[in-house]
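A.B. asks: My structure is below; once you've seen it, I'll send some questions.
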Amino acid sequence: MSEDLQRICQWTYTNKLLLNPDKTKLVVLGSRPLVRKFEGLHLSLLGKELTPAKSAKDLGVILDPNLTYEDHTTKTVSTCMSRLGQINRVKRVLDMDTLTIVVNCVVFSKLFYCSYVWINTTESNLDKVQKVQNFACRIISGVKKFDYITPVLRVMQWLPIRQQLYYRNAVIAFNCVTGCAPDNSDSLTDQFIKRSDVSTRTTRSSKKLQIPFLKSATGKRSLYYRTVRIWNALDPLLKLSSTLQESKQKLQSILLIKRLYRQYSVI
């Protein structure tokens, strides 16, 4: 790793970039037993000693050693609640449509930023995120603090947080499998294997993707594994959609109907 750091320093120098060792953080990512093995790790970067940190921010996402995204969700929820508190103070001078636009722009844009990354966080963290949506719903609808919020979410046709994340992950699955994804996602798309490529027998599941065999819970939390599972579970009509917009509309309608009849389950 020391040699790799030296190569990075040389590359930044060659390309006339400045590497600031005082702002550089070292984070060891892996399972808890693996991270414990590197607790005494020390590396040197331009004369600055680096020791493993508890977290580091990369492109707006706070990464922790075990990728539980505890720090990220806590910080995000705190920021969103603060913004909602400010909106709540001025909601009387805004109509419902304007409030909805403000909440979407100021709060939900922050809340769902890089949700594809932290979607595999713990259930307790998802409960925290759900509270943000509940508070936003109360502000817009005018429902009192202790009133039951689920019927209001249904009337406003808002998908709860877990369904929202499922919806976003399903859109990623549709893009990757149908070739609508950007060019930089080829590394994920190339990993998909159809069951028809594995077996010559024609069955009802021939058009589905082969689910990778993974023993660890960490592997099952990966974007690739989730994408395969979600794609296989999607309604066949969604897979036949000609455009992304059409698939989005159908998927949202299906999720709202299942929400209405309480038939929804997260994969």
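A.B. asks: Straight-line reach from LYS208: which lysines have Cα under 30 Å away, leaving out those fewer than 8 places along the same chain?
C.D. replies: Partners found: LYS194, LYS220, LYS239, LYS248, LYS250, LYS258.
A.B. asks: Please compute the length gained on full extension between PHE108 and LEU244, using 0.36 nm multiplied by the number of residues separating them and subtracting their Cα-Cα distance.
C.D. replies: Net length gain for the segment: 46.8 nm.
A.B. asks: Next up: I need the calculated FRET efficiency for the pair SER44 and LEU17, taking r as the beta carbon distance and R₀ as 30 Å, to the nearest 0.05.
C.D. replies: The computed FRET efficiency comes out at 0.95.
A.B. asks: Non-local amide H neighbours of LEU63 (under 5 Å, H modeled in plane, Pro and chain starts lacking H): which ones?
C.D. replies: ALA56, LYS57, ASP58
A.B. asks: HN-Hα J couplings of the range 68-74 from phi, Karplus 6.51/-1.76/1.60, θ = phi - 60°, integer Hz, Gly and Pro as x?
C.D. replies: Working through the residues one at a time gives 8, 6, 5, 5, 5, 5, 4 Hz.
A.B. asks: Another question about this same structure. In whole Hz, what ³J(HN,Hα) sequence does the range 28-35 give by Karplus (6.51, -1.76, 1.60; θ = phi - 60°), x for Gly and Pro?
C.D. replies: Taking θ as phi minus 60°, the curve returns 8, 9, x, 6, 4, x, 5, 5 Hz for the range 28-35.
A.B. asks: Another one. Amide H of LEU45: which non-local residues (sequence gap of 5 or more, or other chain) have their own amide H closer than 5 Å, using H built in the peptide plane?
C.D. replies: For LEU45, the qualifying residues are LEU50.
A.B. asks: Can you give the extra length, in nm with one decimal, that the chain gains between ALA233 and ASN88 once fully stretched, where that is 0.36 nm per residue apart less the Cα-Cα distance?
C.D. replies: Full extension of this stretch gives 48.3 nm more.
A.B. asks: Sticking with this structure for a sec: Around LYS144, under 14 Å between beta carbons, what's the net of Lys plus Arg minus Asp minus Glu among the other residues?
C.D. replies: It works out to a net charge of +2.
A.B. asks: Could you derive backbone 3J(HN,Hα) for the range 153-159 from the dihedral phi with the Karplus parameters 6.51, -1.76 and 1.60 (θ = phi - 60°), listing whole Hz in sequence and x where the residue is Gly or Pro?
C.D. replies: Using θ = phi - 60°, the values come out as 4, 5, 5, 7, 6, 9, 6 Hz.
A.B. asks: Would you mind calculating the gained length between ASP58 and THR150 on full extension (0.36 nm times residue separation, minus the Cα-Cα distance), in nm to one decimal?
C.D. replies: Length difference between fully extended and current span is 29.6 nm.
A.B. asks: THR79 to CYS9: FRET efficiency via 1/(1 + (r/R0)^6), r the Cβ-Cβ distance, R0 22 Å, to the nearest 0.05?
C.D. replies: With R0 = 22 Å, the Cβ-Cβ based efficiency is 0.05.
Coordinate-derived values only; no laboratory data. Because the structure is predicted, anything quoted here is derived from the model rather than measured. Glycine also receives a Cβ, built like all others from the backbone with ideal geometry; neighbour counts cover every protein chain displayed.
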